[in-house]
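Written below as structure tokens is the structure these notes are about.
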Amino acid sequence: MTVEQIQSKIPEYVSRVADVLISNGFEAHLVGGAVRDILLGRNPKDYDLATNALPDQIAGLFFKVSDHKCGIRHCAGVDGR
């Protein structure tokens, strides 16, 4: 499967979230079960994005923009721990 084929399977609203993060200088990576499901030809149930934006930064970018149900989970790792 090519990158273009994978990208075509990602819903517009997920791409918009990633675009907002990237255009504001943050990273945005599709992760988790959605990646697996897309590669296996399944329809993902949900989409997870990993970013280097902090929760307060995400809130500032999105909570005034969308009424779409979403959540922020914060996990931090240092040196692989």
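Please treat every number below as a calculation from the coordinates, not as lab data. Treat the numbers as computed from the prediction; the structure is a model and nothing was measured. Here the Cβ positions follow ideal geometry from the backbone for every residue, glycine too, while neighbour counts run over all protein chains shown.
Per-structure values
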| quantity | calculated |
| --- | --- |
| Sites GLN7 and LEU39, calculated FRET efficiency, Cβ-Cβ separation with R0 22 Å, nearest 0.05 | 0.95 |
| VAL31 paired with ASP19, simple spin-label distance in nm, labels 7 Å along Cα-to-beta-carbon | 2.4 nm |
| Whole-number D in µm² s⁻¹ for the stretch 3-62, Kirkwood Cα-pair radius fed into Stokes-Einstein, 4 °C, 1.567 mPa s | 107 µm²/s |
